[in-house]
1. How high is the relative contact order of chain A, in percent, with contacts defined as C-alpha pairs under 8 Å that are six or more residues apart?
2. So which residue, out of A:A210, A:A231, A:A171, gets the largest mean-square fluctuation from a GNM of chain A using Cα contacts under 10 Å as springs?
3. What is the order of A:M203, A:M1, A:M70, fewest Cβ neighbours within 10 Å to most?
4. All other residues with a Cβ under 12 Å from the Cβ of A:L135 taken together, and with Lys, Arg as +1 and Asp, Glu as -1, what is their net charge?
5. Please compute the net charge surrounding B:D25, taking Lys and Arg as +1 and Asp and Glu as -1 over other residues with Cβ under 9 Å from its Cβ.
6. Among the listed pairs B:K13/B:K80; B:K7/B:K80; A:K246/B:K171; B:K164/B:K229; B:K21/B:K84, give every one whose C-alpha distance is greater than 18 Å.
7. Considering chain A as a Gaussian network with a 10 Å cut-off on Cα pairs, which listed residue, A:Q226, A:Q97, A:Q32, attains the greatest mean-square fluctuation?
8. Tell me, what HN-Hα J-couplings in whole Hz come from the Karplus equation 6.51 cos²θ - 1.76 cosθ + 1.60 at θ = phi - 60° for each residue of the stretch B:213-230, using x for Gly and Pro?
Amino acid sequence: MDPSDALEIFALTDPGQVRSHNEDAVFANPGQGLVILADGMGGYNAGEVASGMTVTLLADSLGRQDLRCMSGAALEQLLRTEIQAVNQAIHQAADSQPQYAGMGTTLVMGVFHADRLLVGHVGDSRCYRWRQGNLACLTRDHSLLQEQIDSGLLSPAEARYSQNRNLVTRALGVESVVEVELTGYDVAVGDIYLFCSDGLNDMVEDEDIALTLQTLAANLPLAGGQLVQLANDNGGRDNVSVILVKVKASFKESGSWWRQWLAWLK
Amino acid sequence: MDGLVLKEINLEKERITIGRKPHNDIQIDNLAISGEHAAVVTILNDSFLEDLNSTNGTLVNGQPIKKHFLRHNDVIELGKYKLKYLNDTAAPVADDYQKTMVIRPGGIRPEPPAPAAPAPAAAQGPHSVAPPSPAPGTAAQGVPAAAIQILNGANAGKELPLVKTLTSLGKPGVQVAVIARRPQGYFITHVEGAHFPVVNGQTLDAQAHPLKDHDVIEIAGVKMEFFLKP
């Protein structure tokens, strides 16, 4: 089945209650089973430029590929290459134009491919999976806080009170090369995937995210709106973005052997 | 000891030692204090307290600790001496608060947001302190309690308290609506099904609808009353 028939996708981004502009960017291409979310940082409008570049460049370069007929390994290689290219583009723009100096962005993206999900991320934007009543965070933040938790300096409970929020240890555009984390997962019908910027998970407890997905699974736009509203009701101190993807049917590529063969001929 | 603030110390250094010997950053010349008693390690806006195997131990809020992540208003006790840890960067001073920044290994200084200096003050004194950073997810706490009472059918008379941020009503696959508990009050929204909820005889649209005390809601043939709890 085509990903656009098998997946329901809803994306929403909001400046929040405090910030005057939105440095988050979201993108979804249901036909390719592709979702991208970026949370920019940097002075003036540089954060918007970095996140906007990331989403536009990736959507464009991946949009020219037929992701469906690729092997999992080829897809992973393609994502690595394209994310590196975006990293360089942002890094060069930041280096050559003083108003963009120091800009960068987080990235979390997913490609739904042959009943699998390939998640790529850099920084502290996250991907959660809601499956049969359980909410699991699939990504591990590249942040100072996460490193402190990993090293045992802080417990996850203490981390909620840390004043060192929002310090990421990796971001796109900051150095000439970026280390990308890519992980593949099996997808099950009924799963809901949530991609979000830290403006959501910093303001809304996991229990409330889970309650929202459980209660509003039947109405994805309402669920997305409710998550953003929860973040804003709790203070909305940052831009908040969500992409929700519901798996309605299997999307294993049928007749993929000849498509792969065609792709190989090209 | 007598409730007076003896001294305020800004945690400007990465590591501040406390002890009886003169080379400590904070010297407390008292026999109950070990030569090197404890240290406060500050990483950007967070501070950690470590007991340096002192003879008489270090307490935080009455509990003995070896290593402790300090939170705003924590009271540290060494012998008869008390130090209070204050970290009011939690107050949203600047618009820049909580802006995401990159920290790179290898000593590039990431300027911390809103660098209001964390300051432990010697002795417990009358301080004007900023409220601590609220844990997320507590905003709707100030909303009055409310509940739904079923008016007809098999469950007539039953009460359903609206304690969570979302409470769903109706039958999945037939008609479902949800009541959201928000700082501004309670709102009902249609979730699924061909029929929309009816409130006081009026059929709602897809928009969230604010609920008033004693509103009568009808979903999937069941009538219920929304009411605020005194």
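Read-outs: derived from the displayed coordinates by stated rules, not from any lab. Being a predicted model, the structure only gives us computed values, none of them experimental. All Cβ positions, even for glycine, are placed from backbone atoms using ideal geometry, and neighbour counts span all protein chains on display.
1. Relative CO of chain A lands at 28 percent.
2. Of A:A210, A:A231, A:A171, the Gaussian network model singles out A:A210 as fluctuating most.
3. Ordered by Cβ neighbours within 10 Å, fewest first: A:M1, A:M70, A:M203.
4. Once positives and negatives cancel, what remains is -2.
5. +2
6. Among B:K13/B:K80; B:K7/B:K80; A:K246/B:K171; B:K164/B:K229; B:K21/B:K84, the Cα-Cα distance tops 18 Å for B:K13/B:K80; A:K246/B:K171; B:K21/B:K84.
7. Evaluated over chain A, the most mobile residue of the options is A:Q97.
8. 3, 6, 5, 9, 10, 10, 9, 6, x, 9, 9, 8, 10, 8, 9, 7, 8, x
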